[in-house]
1. Please tell me if B:GLY74 is more than 20 Å from the chain's Cα centre (by Cα), under 30 Å from A:LEU22 (Cα atoms) and modelled with pLDDT of 95 or more.
2. Among the residues of the stretch A:207-239, write down those that are in a helix (DSSP H, G or I) and at the interface with chain B (Cβ under 9 Å from one of its Cβ atoms).
3. From (1) in contact with a Leu (Cβ under 9 Å, 6 or more places away or on another chain); (2) part of a strand (DSSP E or B); (3) more than 18 Å from B:THR278 (Cα to Cα), pick out the condition that doesn't hold for B:SER84.
4. Suppose the filter is at pLDDT below 95 and assigned to a helix (DSSP H, G or I); does B:GLU263 pass it?
5. Look through B:ALA247, B:ALA228 and report the one residue that is within 14 Å of chain A (Cβ to nearest Cβ) and modelled with pLDDT of 95 or more.
6. Considering (1) under 25 Å from B:HIS24 (Cβ atoms); (2) touching a strand residue (DSSP E or B) at 6+ places or on another chain (Cβ under 7 Å), say which one B:LEU142 fails and leave the rest.
7. As an exercise: evaluate B:TYR127 against (1) farther than 15 Å from A:PHE49 by Cβ; (2) within 14 Å of another protein chain (Cβ to nearest Cβ); (3) free of Cβ contacts under 8 Å to residues at least 24 places away in the same chain and give the number of the one condition it does not meet.
8. In the stretch B:84-116, which residues are in contact with a Ser or Thr (Cβ under 9 Å, 6 or more places away or on another chain), more than 14 Å from every other protein chain (Cβ to nearest Cβ) and surrounded by 15 or more Cβ atoms within 10 Å (Cβ to Cβ)?
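The values are calculated or read from the model by the stated rules, or taken from the named source; none is laboratory data. Bear in mind that the values here come from a model prediction, so they are computed numbers and not experimental data. Reconstructed Cβ throughout: ideal geometry from the backbone, glycine too, with neighbour counts over all protein chains shown.
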Amino acid sequence: MNKVALLTGASRGLGKVIAGFLAAQQYDLILTARGEADLKATALELGAFGGEVAILAGDVSDGAQQQALAKMVAQRGRLDLLVNNASILGLSPQPALAVYPLQTLETVFAVNVLAPLGLVQMLLPWLEQAQGLVINISSDAAVGGYPGWGGYGASKAALDLLSLTLANELRATGVAVVSVDPGDMRTQMHQAAFPGEDISDRPLPEVTLPFWAWLLAQDSLLISGQRFHAQAEVWNIKV
Amino acid sequence: MQRTDLFFERPSSLQATMPPEARHLQRDEVRLLVTTPTGHSHTTFAQLADFLEPGDLVVVNRSATLPASLPVTGAQGDFLLNLSTNYGDGVWLAEPRWSTSEPGPLPLAPGDQLTTGSADLHLIAPYPGLARLWFVHTEADLCATMQARGSPIRYGYVTNPYPLAAYQTIFAKVPGSAEMPSAGRPFSQRVVRSLRQQGVKMAGITLHTGVSSLEIETEEVEAQAMYAEPFHVPIATARLVNATRQAGHRVIAVGTTVVRALESAWDGDKVCPARGFTRLFIHPERGVHVVDGLVTGFHDPLASHLAMLYAIAGQAMIQDSYRAAVQQGYLWHEFGDSHLILKG
């Protein structure tokens, strides 16, 4: 029986790179993203590796979408890996906190913080059964305090604390949770953060492949609660 | 640092084409070039202890070499798959080559299937920035496959195959290296005894080497992509290294692998026990914090390891030592002569 992974924000950029890495290892994939056309194209491409690729386009902060995803997992009866990769920047360019529209900030938190937690809550029985791993995609903005990054950064800081707390709460159940800062990459989201600027000096998201290869082979309870930098020089297990 | 800073002229006749034993020498009878800020001296490896002091700590790599070169068959025909690094869960990094002397690239694509014996492998994706290396996935036990069908990785300059034993150092304990951590090769039990008698301490790390050390391809040396290697610095070794430094003695690394492991375990103040993967690239701009000296072989023109040597002892001293090595006919590569570099 193939391993099953659910990835959000999987139609392009980093999410697609991780999905491709898993597809090539014969994982069955459940992929979601907002853009249906991109998602279909990704599914077609990754399906060539031979595993099953199921897709459901929609907004991960929508409770109905979360339930529909949980139903897809239930149909497969298994979940080894949940990658909470979908997130939104808020506005482009990003406003300073002093003038940040609070309604937008609510949406940012709904997608970047509440949706990952909602999925974990809903999928926990399957994750427990498979002794699965949850990967929450974070950002250096979570700790940077960079002017203009306060909204997005605060949401990622909240996600980091969710990751650490969940790791501690779930340790006894065998479910592991890690947080990963993938580093700067040449993606559509990064371009939106720097509108009009040349970001061609940033590496493509494929630069993180070796890190995922390393992370996914670790004994997940040994790494649970850690926060990693995918582009760091050293990936260390705390000894 | 520019790529041209790592270039030097070396006649191809100075490549060791066979193990010293095949040249009727004991392992510790290879030549040793000793480079210090006051100049160079020429001796044999058996005399190593003469150049070390009581209290110095010699750190060796305990990784053992795998028979990592597998004959494989794919849609492209028969070729070699040199396994570089075991990531775990059936994922390996590997270098497909036409043969020992013909590298690649081969016309490969993600999803391609390769077969060796009863083992099937599937290509996942090339390594970012190093397209000659591929991630592969298999359900098969490649360690068993290697035992049955593998041979030590060999390149064109070594004209004949030699058994795996020729590729093990006396420190080899933990299998995992694609290529011999060759700086340790000249060590013999009598060299170890002479070090102990001299009051030199010894400790170990494990770093499993990947396929052949990198040649710098970018004009700006620091921009070179590095692949990651598994390493382990045990608690006991971290303690010994820190105690040695506190006492004002020297830490001597046996091999660039040991430098990489120790520097990867440096937290800005001391060496900490560590286990993970490192892709740390040590060059002069980054510098070294832990090691005071290095026992190593002779590295090719443009090898990334030369940047590490420059970081330890300075570009001028290393370039001067390589001129001396070429002039005196020292031998390059894993079966060649040895070089002790002390930064003074």
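1. Judged against the criteria, B:GLY74 is a match.
2. The answer is A:VAL207, A:THR208, A:LEU209, A:PRO210, A:PHE211, A:ALA213, A:TRP214, A:LEU216.
3. The single condition B:SER84 does not satisfy is (3).
4. No, not satisfied.
5. Just one listed residue meets the conditions, B:ALA228.
6. (1)
7. Among (1) farther than 15 Å from A:PHE49 by Cβ; (2) within 14 Å of another protein chain (Cβ to nearest Cβ); (3) free of Cβ contacts under 8 Å to residues at least 24 places away in the same chain, the lone unmet condition for B:TYR127 is (3).
8. B:GLU95, B:ARG97, B:THR100, B:THR116
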